[in-house]
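Chemist: Mind having a look at this structure? Questions to follow.
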């Protein structure tokens, strides 16, 4: 179960959204940035799916997406409008 005012989960298995997370340790200037509906994401594989974290915004938002939701990026498209509206891009992916 996900608890906290900065986190939410839905689905079975759960997609987990966390706002205001720390910068990923492996995120650097040369890291790959995938654009999904004008939101840049840093992706990491996990044991059961992917962990995506926004790039180029004031706050980091992470989304854990299990493999059951392949293609996993579909969940990111569903969130893009809300992220763009509440945390505008400061530095776009190149």
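The values are calculated or read from the model by the stated rules, or taken from the named source; none is laboratory data. Keep in mind that this is a model prediction, so the values were computed, not measured. Cβ coordinates were reconstructed from backbone atoms using ideal geometry, including for glycine residues, and neighbour counts include every protein chain displayed.
Chemist: Against the definition (touching a residue at least 24 places away in the same chain (Cβ under 8 Å) and over 21 Å from residue 86 (Cα atoms)), how does residue 13 come out, yes or no?
Modeler: Details: touching a residue at least 24 places away in the same chain (Cβ under 8 Å): yes; over 21 Å from residue 86 (Cα atoms): yes.
Yes: the conditions hold for residue 13.
Chemist: A further question on this structure: Go through segment 73-94 residue by residue and tally those that are touching a strand residue (DSSP E or B) at 6+ places or on another chain (Cβ under 7 Å), over 16 Å from residue 20 (Cα atoms) and not in a helix (DSSP H, G or I).
Modeler: Qualifying residue count for the region: 2.
Chemist: If I go through segment 41-80 residue by residue, how many of them are surrounded by fewer than 20 Cβ atoms within 10 Å (Cβ to Cβ), touching a residue at least 40 places away in the same chain (Cβ under 8 Å) and under 9 Å from the mean Cα position of the chain (by Cα)?
Modeler: 2
Chemist: Kindly establish whether residue 18 is under 14 Å from the mean Cα position of the chain (by Cα), crowded, with 17+ Cβ neighbours inside 10 Å and either modelled with pLDDT under 95 or assigned to a strand (DSSP E or B) (or both).
Modeler: Working: under 14 Å from the mean Cα position of the chain (by Cα): yes; crowded, with 17+ Cβ neighbours inside 10 Å: yes; either modelled with pLDDT under 95 or assigned to a strand (DSSP E or B) (or both): yes.
Yes; evaluated as a whole, the condition is true for this residue.
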